[in-house]
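Student: Take a look at the following structure, please.
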Amino acid sequence: DQQVKQNSPSLSVQEGRISILNCDYTNSMFDYFLWYKKYPAEGPTFLISISSIKDKNEDGRFTVFLNKSAKHLSLHIVPSQPGDSAVYFCAASGSGTSYGKLTFGQGTILTVHP
Amino acid sequence: ETGVTQSPTHLIKTRGQQVTLRCSSQSGHNTVSWYQQALGQGPQFIFQYYREEENGRGNFPPRFSGLQFPNYSSELNVNALELDDSALYLCASNERGKYNEQFFGPGTRLTVL
């Protein structure tokens with residue numbers, strides 16, 4: 001049972017344009033969502049997060065949008081840079097005893113072309 | 001500040017053997033979580049330790065066990081290895097209460113033949 005899904009295995013974008021990565025979830029008990037970036041031979045690196053009480057969180061070039069009714073979140077990168085090329089994972093966490101036990105999607109490979 | 005480190009980097013074992021993977025948490029972090037990442041998949045939560053006690057477990061059998069030491073380093077032990085245990089094993093540490101800001105190590109690549 002895949003509770004967090006990233007339906008696009010890959011995304012290719014031109015440098016300077018917007019990258020939009022999508023994520024869907026099924027568990028309504030999730031109340032905290034995160035995006036991680038992973039380069040080869042490195043562990044995932046935390047990018048940005050959002051609590052379920054918000055619908056948008058922005059940090060520099062990165063913005064995460066959350067649509068709770070649709071159980072959907074997205075990560076926008078503007079403008080995209082070649083150094084952003086990596087695997088992006090969305091992850092979710094519940095509250096109480098589930099707090100901090102992350103459930104990850106399958107990942108989306110982002111390639112930004114110069 | 002030293003980040004999360006893991007050893008070894010790569011490991012090859014045969015089916016039925018036992019393996020121990022090690023993780024050194026980032027300084028000041030007293031909580032460690034272990035994840036299994038199969039090829040082409042996202043990381044899957046195995047278990048979490050806080051102050052040397054297990055603090056939650058994912059859908060993994062008892063042959064996956066762990067330890068956390070007073071210096072907050074930790075081990076993941078897997079007994080009776082199966083072919084499907086071949087994966088990248090990641091540990092992540094965080095400060096007390098900041099469970100949603102986990103810092104990951106580079107992982108140990110385990111191959112079971």
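Student: Leaving out ligands, DNA and RNA, what percent of the accessible area of chain B is carbon and sulfur, probe 1.4 Å?
Tutor: Values: 2540 of 5450 Å².
The computed percentage sits at 47.
Student: Bin by bin, in steps of 10 Å, what percent of the Cα pairs in the protein assembly as shown do you find, going until the bin that has the longest distance?
Tutor: Once binned at 10 Å, the Cα pair distances of the protein assembly as shown give 8, 33, 35, 19, 4, 0.
Student: Next question. Hey, how much of the P(r) for chain A falls beyond 26 Å, as a percent of Cα pairs?
Tutor: Numbers: 893 of 6441 pairs.
Here the tail beyond 26 Å accounts for 14 percent of pairs.
Student: Report the one residue of A:Gln106, A:Val87, A:Ser51 whose Cα lies farthest in the direction of the positive end of the charge dipole of the range A:45-114 (charges on C-beta: Lys and Arg +1, Asp and Glu -1; origin at the Cα centre).
Tutor: A:Ser51
Student: What percentage of the solvent-accessible surface of chain A, computed with a 1.4 Å probe over protein heavy atoms, is contributed by carbon and sulfur atoms? Show your work: numbers first, answer last.
Tutor: Details: 2770 of 5510 Å².
Percent of accessible area from carbon and sulfur atoms in chain A: 50.
Student: Within the range B:38-107, list the trypsin sites (Lys or Arg not before Pro) lying in a DSSP loop whose Cβ has at most 14 other Cβ atoms in a 10 Å radius. Show your work: numbers first, answer last.
Tutor: Values: sites: B:Arg51, B:Arg57, B:Arg63, B:Arg96, B:Lys98; in loops: B:Arg51, B:Arg63, B:Arg96, B:Lys98.
Answer in residue order: B:Arg51, B:Arg63, B:Arg96, B:Lys98.
Student: Right, here's the next one. Do any residues of the range A:63-100 lose at least 10 Å² of accessible area when the full set of protein chains is present rather than just their chain alone, and if so which, with a 1.4 Å probe?
Tutor: A:Phe89, A:Tyr99, A:Gly100
Student: Which aspartates and glutamates, if any, have their Cα less than 13 Å from the Cα of B:Lys13, not counting same-chain residues under 8 positions apart?
Tutor: Partners within reach: B:Glu82, B:Asp84, B:Asp85.
Student: In square angstrom, what is the accessible area per residue of the range B:1-66 with a 1.4 angstrom probe?
Tutor: Numbers: 3460 Å² over 66 residues.
Computed with neighbouring chains in place, this is 52 Å² per residue.
Student: For A:Ser85, enumerate residues with amide H under 5 Å from its amide H, sequence gap 5+ or separate chain, H modeled in the peptide plane.
Tutor: A:Val112
Student: How long, wide and thick is the range B:1-86, going by the Cα atoms along their three principal axes, in whole angstroms, largest first?
Tutor: Largest to smallest, the principal-axis extents are 36, 25, 24 Å.
Student: Further question on the same structure: Need the list of lysines near A:Lys5 for cross-linking: C-alpha distance under 20 angstrom, and skip anything on the same chain fewer than eight residues off.
Tutor: Correct list for A:Lys5: A:Lys37, A:Lys38, A:Lys56, A:Lys68, A:Lys71, A:Lys101.
Student: Now for a separate question. Give me the one-decimal nm value for the distance between modelled label points at A:Met29 and B:Arg109, 7 Å along each residue's Cα-to-Cβ direction.
Tutor: For A:Met29 paired with B:Arg109, the spin-label model returns 3.6 nm.
Student: With a point put 7 Å past each Cα toward its Cβ, work out how far B:Asn79 is from A:Ser51 in nm, to one decimal.
Tutor: 4.3
Student: Let me ask something else about it. List the trypsin sites (Lys or Arg not before Pro) within the range A:11-67 that DSSP assigns to loop and that have no more than 16 neighbouring Cβ atoms inside 10 Å. Don't skip to the answer; put the middle values down first.
Tutor: Details: sites: A:Arg17, A:Lys37, A:Lys38, A:Lys54, A:Lys56, A:Arg61; in loops: A:Arg17, A:Lys54, A:Arg61.
The qualifying sites are A:Arg17, A:Lys54, A:Arg61.
Student: Sticking with the crude label model, points 7 Å out along Cα→Cβ, report the distance from B:Arg51 to B:Thr2 in nm, one decimal please.
Tutor: Here the modelled spin labels are 2.4 nm apart.
Student: To the nearest 10 square angstrom, how much accessible area does B:His10 have with a 1.4 angstrom probe?
Tutor: It works out to around 130 Å².
Student: In square angstrom and rounded to 100, what buried accessible area do you get between chains B and A, total over both, with the probe at 1.4 Å? Mind dumping the intermediate values first?
Tutor: On the way: alone 6200 and 6250 Å², together 10960 Å².
Roughly 1500 Å².
The values are calculated or read from the model by the stated rules, or taken from the named source; none is laboratory data. Just so we're clear, the structure is a prediction, and the values are computed from it rather than from any experiment. Cβ coordinates were reconstructed from backbone atoms using ideal geometry, including for glycine residues, and neighbour counts include every protein chain displayed. Ligands, DNA and RNA are stripped out before the accessible areas are found, and what is left, the full protein with its side chains, is counted by its heavy atoms. Shrake-Rupley method; radii C 1.70, N 1.55, O 1.52, S 1.80 Å.
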